[in-house]
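Heads up: the structure comes next, in structure tokens.
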Amino acid sequence: MSLLTRADATRIATLARLELTEPELDLFARQLTSILEYADRLQAVDTTGVPPYAGGLGAGALRDDQPASSLAREDALGNAPGADVTAGTFVVPKVIG
Amino acid sequence: MATLSAAALRQAILNKERTAAEVCEGALAQIEALDRDPQGPALHAFQSVLADRARARAAALDRQRTPAGPLHGVPIALKDNILVRGSVTTAGSRMLEDFVSPYDATVVQKLEEAGAVIVGKTTCDEFAMGSSTENSAFGPARNPADPSRTPGGSSGGSAVAVAAGMTPLALGSDTGGSIRQPAALTGVVGVKPTYGRVSRYGLIAFASSLDQIGPFATTVADAALALEVIAGGDTHDATSAQTPVPRYTAALTGSVRGTRIGVPSALLEDGVDAEVKAAFVAATARMASLGATIVDVDLPHSRHAIPVYYLIATAEASSNLARYDGVRYGLRVSAPTLASMYERTRARGFGAEVKRRIMLGTYALSAGYYDAYYLKAQQVRTLIRRDFDAAFGAVDTILMPTSPVPAFKFGERVDDPLQMYLADVFTVSANLAGIPGISVPCGRTAAGLPVGMQFLGKPWDEATILRCADAYERSGTVTTGAGGSVYSTS
């Protein structure tokens with residue numbers, strides 16, 4: 001079931017917002033196929049009634065929400081490409097025409 | 001000439017035998033000789049050296065009347081995915097080549113409160129994805145035991161810094177073995193704490209349910225000391241545990257009499273290098289001779305750990321790395337539309353392995369495949385954890401090799417992702433189950449390559465595995481590191 005076609009790879013790249021070259025698409029289709037074929041051995045494991053485990057050991061505790069200072073705006077914008085620090089905004093290409 | 005431990009260095013400073021500034025200069029000189037000098041071995045453990053910052057810190061410590069804490073004046077290296085305010089943190093990626101950390105990671109704050117001197121940031125696989133440092137966008141680190149071989153990864157640079165005697169301590173992060181495996185391949189001690197033991201605040205995220213920060217050291221006692229400093233709950237990381245941190249250094253009694261050690265012998269039947277296996281068998285016998293009871297344990301679902309790990313870790317990575325879109329930080333490739341800016345930025349900023357993992361993770365989470373891959377992997381993850389729970393009903397710790405093979409050559413595995421992933425066969429289970437592990441040197445191959453073994457522990461029970469590893473270390477001569485002698489006593 002896990003044979004990954006070039007069309008699949010193209011679709012996934014779009015979902016992942018990755019502009020891939022034709023050779024990259026072919027390479028990843030082939031490599032992901034081999035990895036997924038290996039992963040297919042999981043299908044043989046009986047997991048009937050087994051709950052999924054997302055990690056964690058129940059250590060994280062809820063706490064009271066207390067106001068505290070956070071990153072200053074200029075620090076938050078300090079790494080942003082093309083940010084308008086005076087206006088205090090991130091800047092991106094025009095979205096609405 | 002003898003390499004000094006972190007504990008001994010601190011003592012020498014407190015005794016006024018040396019100043020923190022002298023120790024800092026010693027570290028910087030060693031880095032210059034072993035890492036930077038093109039005429040030297042050029043190990044490339046360091047992605048960046050924070051010489052000015054380190055000197056200022058050391059000088060400030062020397063002016064203090066009272067010692068700062070248990071790491072007063074001790075030089076330390078940090079994997080370059082841990083944020084140090086005001087310095088560049090690349091995570092081994094072009095995406096973050098110019099990223100200036102806007103705040104300190106919690107571990108940085110704790111280290112500096114304890115008096116540690118951060119001397120630099122170490123080479124790692126891009127976004128911690130890899131087992132050799134060959135996926136760093138800025139060139140790999142070399143294994144001091146044999147510079148034609150990788151030091152393992154992803155925290156390979158941190159392992160090399162300690163193994164070559166450039167710093168007595170380093171921190172790395174372990175998502176599927178990224179501390180323990182390079183520790184084993186370079187001949188040093190590496191600890192992956194229980195998930196939630198150490199705050200992840202300020203660690204650049206790879207797979208959030210698996211990532212954990214931990215120390216590298218030349219001795220188990222130093223690793224215990226460092227872990228004691230960095231462990232503890234943190235309001236900035238909701239998954240960190242508020243449970244009290246034991247005094248790990250006090251747990252090192254030197255005795256394993258009556259300790260029950262489980263060995264999953266069925267897992268070790270295939271695919272383990274003969275010399276690694278021989279070293280492991282001898283080490284197990286030595287633990288028995290020290291008074292431990294060796295018991296066979298069964299971890300039947302750990303055979304499936306590699307596919308479970310690579311589905312879950314890549315799924316989480318595909319989500320975590322969505323933030324690198326050219327808007328808030330990192331690289332931006334200009335384009336006429338927002339969508340094409342995202343796509344081109346990510347195409348240029350990420351290397352091949354990161355793209356491959358984002359693709360795999362996106363596929364595992366995509367409509368129509370979620371149940372078959374991601375959900376199935378999470379269910380088998382439950383079974384892997386239950387196996388450990390059952391085994392720990394009968395034993396105090398589980399012992400197995402850290403890596404099935406010693407250090408491999410550059411280029412040997414990098415072209416075949418699946419082969420590279422299989423190198424993690426013994427390490428990923430601990431991350432999936434959330435349990436702690438420590439890799440400790442247990443010999444060398446005929447060619448002189450280090451071999452490591454790991455003790456895995458019950459959740460929150462780092463004390464037991466540190467005690468076992470320390471008892472083993474004390475019981476005989478195992479050469480650690482590459483014999484580097486940076487902080488000579490003479």
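The values are calculated or read from the model by the stated rules, or taken from the named source; none is laboratory data. Keep in mind the model is a prediction, meaning the values are calculated, not measured. Backbone-built Cβ (ideal geometry, glycine too); neighbour counts: all protein chains shown.
When you scan segment B:370-392, do you find a residue that is within 17 Å of the chain's Cα centre (by Cα) and modelled with pLDDT of 95 or more, even just one? Checked against the condition, which is being within 17 Å of the chain's Cα centre (by Cα) and modelled with pLDDT of 95 or more, segment B:370-392 yields no hits at all. Considering segment B:241-258, the residues that are part of a loop (DSSP other than H, G, I, E, B) and free of Cβ contacts under 8 Å to residues at least 60 places away in the same chain include one that is farthest from the other protein chains (Cβ to nearest Cβ), namely B:Arg257.
The single residue among A:Ala44, A:Ala13 that is modelled with pLDDT of 95 or more and exposed (fewer than 10 other Cβ atoms within 10 Å of the Cβ) turns out to be A:Ala44. Does A:Arg63 satisfy being within 7 Å of another protein chain (Cβ to nearest Cβ), among the charged types (D, E, K, R) and more than 24 Å from B:Ser199 (Cα to Cα)? Taking the combined requirement at face value, the residue does not satisfy it. Against the test of being crowded, with 20+ Cβ neighbours inside 10 Å and in a helix (DSSP H, G or I), the options B:Ile312, B:Ile261 yield a single qualifying residue, B:Ile312.
Within segment A:22-52, the set of residues being more than 7 Å from chain B (Cβ to nearest Cβ), outside any loop (DSSP other than H, G, I, E, B) and of a type in the set (Val, Ile, Thr) comprises A:Thr33 only.
Applying the condition of being within 14 Å of chain A (Cβ to nearest Cβ) and β-branched (Val, Ile, Thr) to segment B:270-316 and asking which residue is farthest from B:Leu375 (Cα to Cα) yields B:Ile306.
Scoring B:Gly483 on the criteria (1) at pLDDT below 90; (2) in contact with a Ser or Thr (Cβ under 6 Å, 6 or more places away or on another chain) leaves a single failure, condition (2).
Of all positions in segment B:144-165, none carries a residue that is buried (at least 24 other Cβ atoms within 10 Å of the Cβ), within 14 Å of chain A (Cβ to nearest Cβ) and among the aliphatic types (A, V, I, L, M).
Please go through segment A:41-84 and give me each residue that is among the basic types (Lys, Arg) and over 24 Å from B:Arg381 (Cβ atoms), ordered by number. Listed by number, the residues that qualify are A:Arg63, A:Arg73.
Checked against (1) under 30 Å from B:Arg328 (Cα atoms); (2) aliphatic (A, V, I, L, M); (3) at the interface with another protein chain (Cβ under 7 Å from one of its Cβ atoms), A:Ala87 passes all but a single condition, namely (3). Within segment B:317-346, the set of residues being within 7 Å of chain A (Cβ to nearest Cβ), assigned to a helix (DSSP H, G or I) and buried (at least 18 other Cβ atoms within 10 Å of the Cβ) comprises B:Ser318, B:Met341, B:Tyr342, B:Glu343, B:Arg344, B:Arg346. Of the residues making up segment B:52-79, those that are of a type in the set (D, E, K, R), farther than 13 Å from B:Thr167 by Cβ and in contact with a strand residue (DSSP E or B) (Cβ under 8 Å, 6 or more places away or on another chain) are B:Arg53, B:Arg57. Only one of the numbered conditions (1) over 13 Å from B:Ser48 (Cα atoms); (2) touching a residue at least 40 places away in the same chain (Cβ under 8 Å); (3) away from chain A (no Cβ under 14 Å); (4) not hydroxyl-bearing (Ser, Thr, Tyr) is violated by B:Leu96, and that is (3). Against the numbered list (1) facing chain B (nearest Cβ under 9 Å); (2) loosely packed, with under 15 Cβ neighbours inside 10 Å; (3) under 30 Å from B:Trp460 (Cα atoms); (4) not aliphatic (A, V, I, L, M), A:Gly55 comes up short only at (2). Across segment B:396-442, the number of residues qualifying as more than 17 Å from the chain's Cα centre (by Cα), at positive phi and buried (at least 20 other Cβ atoms within 10 Å of the Cβ) comes to 0. Here A:Arg17 clears all of (1) among the charged types (D, E, K, R); (2) at the interface with chain B (Cβ under 7 Å from one of its Cβ atoms); (3) more than 21 Å from the chain's Cα centre (by Cα) except the condition numbered (3).
Filtered by the rule that a residue be of a type in the set (Lys, Arg) and at the interface with chain A (Cβ under 9 Å from one of its Cβ atoms), segment B:352-375 gives B:Lys355, B:Arg356.
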